[in-house]
Amino acid sequence: MEAATTSDRTLFVHGNQACVEGALYAGISFYAGYPITPSSEIAEEMSLRLPASGGKFIQMEDEISSMCAIIGASLTGRKAMTATSGPGFSLMQEALGYAIMAEIPCVIVNVMRGGPSTGLPTQSSQGDVNQARWGTHGDHAIIALTASSHQALFETTVRAFNLAETCRSPVIVLYDELLAHMRERLILPDPGDLPLVERLRTFVPGGVDYRPYLARSDGRLPMSDFGGVHRYNVTGLFHDMWGFPSTDPTVVHELMHHLHDKIVQRTNELAAYRQYALEDADTVLISYGTPARSAMEVARKGRENGHKVGVLELETLWPFPSQLVRDACDNARVVIVVEMNMGQVRDQVRAAVREPSRVFLANRVDGEFIKSKDISTIIRLVDGHGV
Amino acid sequence: MAVDSYIRKRFFPHIWCPGCGHGTVLNALLRAIEALGLSKNEIVMVSGIGCSARISGYVDVHTLHTLHGRALAFATGVKLSRPELTILVPMGDGDALAIGGNHFLHAARRNIDMTAIILNNRIYGMTGGQFSPLSGCGIEATTAPYSTIDHPFDVVELSRAAGASFVARTTTFHVRELEKMLIQAISHRGFSVVEVLSQCPTHFGRRNHEGSAVDMLKKMKQATVPLNSGKLELDCGLIPRGVFVDSDKPEYCELYADLVARKSADDQAERVAADARNEV
């Protein structure tokens, strides 16, 4: 796959390549994956780039093994990632839970197509938002990020790698097929322009008792690479600070709280977003991914015509930024959530705001892009102006 | 170094039932590691879920206790990432060949350098005695109260067909043979499989009237012969033991390194050509 290059650092590429460029910028050195539309270009590009940059690429036999392989690679100290779409993401869920429980930094990209099941392989959707949150079993917290442009996707991917290291957690990058296959400009930041978080390794010397699951005062857990001087156990069972399985109620209780709190207590800090004309907006559009582009167009046109329309574009979907959403909607007459599903984020918004009855949904679930007209029609209806 | 120096004593007592064959396999494995003079820091043991998978916790190496059936997939990530490490993957029969069957086939196909040890007791022990894909026909199990009608896999033939470059089979009765085979398997460059027929007196033995652990061990002695034995022709019910495959086949991580070297050489040649063009 050749990228059309306009200059050394300015590219004209599709979204999947923007994601790959972000991962490479962040320092990925291990990719495992299984082909699936509409994410396959990520694997193709990785197979081209990683061997040339000292990294490892492997095409696995399915998606769950891909997820398992990146966990194994991450334990040896590498920044690792896999990419897939809905059916493959379903297959990965058990291993995703393992990465949560064993606190393994890694990045999972899910390019969303229509579902359930095989669904609409070549068309767009945002139907996997709740799956990203609750796809794997058991209580857990998760970080899921998204983006609406190639530049933002690049930065989001870098951020995903950073958060994976900071939180010792898998981080999910969700974006829709439209973003994946649309081509637009991407300006590659120079090295150093975006901050990178590297693996936090323990300073405990060999021969001294290293506790892989003992958090520092700032909540971070220094790691030791497999193959290094510390030999410890990693398991998907509830475990003590040495990684040994435990059913001790105190140990179980504390680990559950640790896994939850390390992410949920940082909800506001993790909340990435963009906003447009929110200050005095009486109509607030909340959106994410490519639908946010249409929401922006509606707001711009609305403002030109004297309507007080604003946009809150979410770039962090999980943990859901309830506080941010509540504050943004406090003075709104109507809140319209624009998304390509049956209201997955709409439900979160309703739960977050003080007046849930003011929250409406402008959606499409037919694989087609949500156009600005789709949104303005809903605004007219809600305002009582008919179509 | 004494064998017990490879043990994590604080992990004991172990979870296995009295008479279980898995401890015998652990013992042979530790002796093999000791005989090979491997450093603890260069060994990664990856296991899935089940009685056999608990081996990993008891050994003082890098240990990764993973998901049911997926140990080889995790192990593949570790190995490709750090090819210099020695990877050992103890698995149960259900773990390796029911839920993990696909990963087993593909790890064998790639011929990635690791040792899969299949502790075959023909039963799901940890969950209470359900039949496995290696139980075979006519076996009583908690999910086969009228006895099994499922045909079993032959681990040796399956491994050979999938591309494993070292395949051996023995039993927990033949402990010295087991140790020797493990030494060979771990030394082998490529995907090696050692099937160990092991006894589960608690679930398999009790339900199938095979008696005590000692009775089951005696039965394994009687039911198996070396693979070059003439008795095999006379009695087709006998199970052959020995090294069935020991072949020299390119190993996956080495092939990956070759690929990288090839790419690097191509890039170098291209740079030289570009420089030459610029000079003209």
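A short reminder: the numbers here are calculations on the coordinates, not readings from a lab. No experiment lies behind these values; they were computed from the predicted model shown. We place every Cβ from the backbone using ideal geometry, glycine too, and count neighbours over all the protein chains shown.
Quick notes
- Just one residue in the set A:Asp225, A:Asp190, A:Asp218, A:Asp176 is within 12 Å of the chain's Cα centre (by Cα) and among the acidic types (Asp, Glu); that residue is A:Asp176.
- When the residues of the stretch B:68-94 are filtered to those that are in contact with a Cys (Cβ under 7 Å, 6 or more places away or on another chain) and of a type outside the set (Lys, Arg), the one that is nearest to B:Gln184 (Cα to Cα) is B:Pro83.
- For the residues A:Arg133, A:Arg78, the requirement of being buried (at least 18 other Cβ atoms within 10 Å of the Cβ), within 20 Å of A:Arg159 (Cα to Cα), within 11 Å of chain B (Cβ to nearest Cβ) and of a type in the set (D, E, K, R) singles out A:Arg78.
- Every condition in (1) over 11 Å from the mean Cα position of the chain (by Cα); (2) assigned to a helix (DSSP H, G or I) is met by B:Pro83 except one, and the failing one is (2).
- Close contacts from the stretch A:6-25, counting a first residue that is surrounded by 21 or more Cβ atoms within 10 Å (Cβ to Cβ) and a second that is of a type in the set (Phe, Trp, Tyr), with Cβ to Cβ under 6 Å and a gap of 6+ residues or different chains, come to A:Ala18/A:Phe154; A:Glu21/A:Phe154; A:Gly22/A:Phe154.
For (1) within 19 Å of the chain's Cα centre (by Cα); (2) at the interface with chain B (Cβ under 10 Å from one of its Cβ atoms); (3) among the polar types (S, T, N, Q), each residue gets a yes or a no:
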residue	(1), (2), (3)
A:Val13	no, no, no
A:Ala26	yes, no, no
A:Ala32	yes, yes, no
A:Ala83	yes, no, no
A:Val111	yes, no, no
A:Thr118	no, no, yes
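- The number of residues in the stretch A:152-177 being over 26 Å from A:Ser217 (Cα atoms), in contact with a Pro (Cβ under 9 Å, 6 or more places away or on another chain) and in a helix (DSSP H, G or I) comes to 3.
- The set of residues from the stretch B:141-183 being among the small types (Gly, Ala, Ser) and surrounded by 21 or more Cβ atoms within 10 Å (Cβ to Cβ) comprises B:Ala141, B:Ser159, B:Ala164, B:Ser165, B:Ala168.
- Single match in B:Arg109, B:Arg176, B:Arg189, B:Arg160 (criterion: farther than 25 Å from B:His209 by Cβ and in a loop (DSSP other than H, G, I, E, B)): B:Arg189
- Candidate set from the stretch B:246-265 (those that are surrounded by 17 or more Cβ atoms within 10 Å (Cβ to Cβ) and under 21 Å from the mean Cα position of the chain (by Cα)); member that is farthest from A:Ser29 (Cα to Cα): B:Glu251
- Candidate set: the stretch A:321-344, residues that are in contact with an Asp or Glu (Cβ under 9 Å, 6 or more places away or on another chain) and more than 14 Å from A:Val284 (Cα to Cα); chosen: the one surrounded by the most Cβ atoms within 10 Å (Cβ to Cβ): A:Met340
- Top-ranked residue in the stretch A:162-180 [being in contact with a Gly (Cβ under 7 Å, 6 or more places away or on another chain) and not aliphatic (A, V, I, L, M); ranked as farthest from A:Ser124 (Cα to Cα)]: A:Tyr175
Condition check ((1) farther than 21 Å from B:Glu157 by Cβ; (2) in contact with a Ser or Thr (Cβ under 7 Å, 6 or more places away or on another chain); (3) more than 12 Å from chain A (Cβ to nearest Cβ); (4) not acidic (Asp, Glu)) across all residues:
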| position | (1), (2), (3), (4) |
| --- | --- |
| B:Leu29 | yes, no, yes, yes |
| B:Thr76 | yes, no, no, yes |
| B:Lys79 | yes, no, no, yes |
| B:Pro83 | yes, no, no, yes |
| B:Pro90 | yes, yes, yes, yes |
| B:Asp93 | no, yes, yes, no |
| B:Gly101 | no, no, no, yes |
| B:Thr115 | no, yes, yes, yes |
| B:Thr127 | yes, no, yes, yes |
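- Only listed residue being outside any loop (DSSP other than H, G, I, E, B) and either out of contact with any His (no Cβ under 8 Å at 6 or more places or on another chain) or of a type in the set (Lys, Arg) (or both), chosen from A:Glu254, A:Glu198: A:Glu254
- Test: residue in the stretch B:47-56 that is under 23 Å from B:Glu177 (Cα atoms), within 13 Å of chain A (Cβ to nearest Cβ), of a type in the set (A, V, I, L, M) and not in a strand (DSSP E or B): yes
- Members of the stretch A:329-365 found to be under 17 Å from A:Asp128 (Cβ atoms) and assigned to a loop (DSSP other than H, G, I, E, B), listed by number: A:Met340, A:Asn341, A:Met342, A:Gly343, A:Arg364, A:Val365
- Within the stretch B:245-265, residues that are at the interface with chain A (Cβ under 9 Å from one of its Cβ atoms) sit with their Cβ atoms under 7 Å from residues that are small (Gly, Ala, Ser) and assigned to a helix (DSSP H, G or I), at 6+ positions apart or across chains, in these pairs: B:Lys263/A:Ala52.
- Just one of the numbered conditions (1) within 11 Å of another protein chain (Cβ to nearest Cβ); (2) surrounded by 20 or more Cβ atoms within 10 Å (Cβ to Cβ); (3) not aromatic (Phe, Trp, Tyr) is not true of A:Asp62: (2).
- Summed over the stretch B:204-225, residues that are of a type outside the set (Ser, Thr, Tyr) and not in a helix (DSSP H, G or I) total 5.
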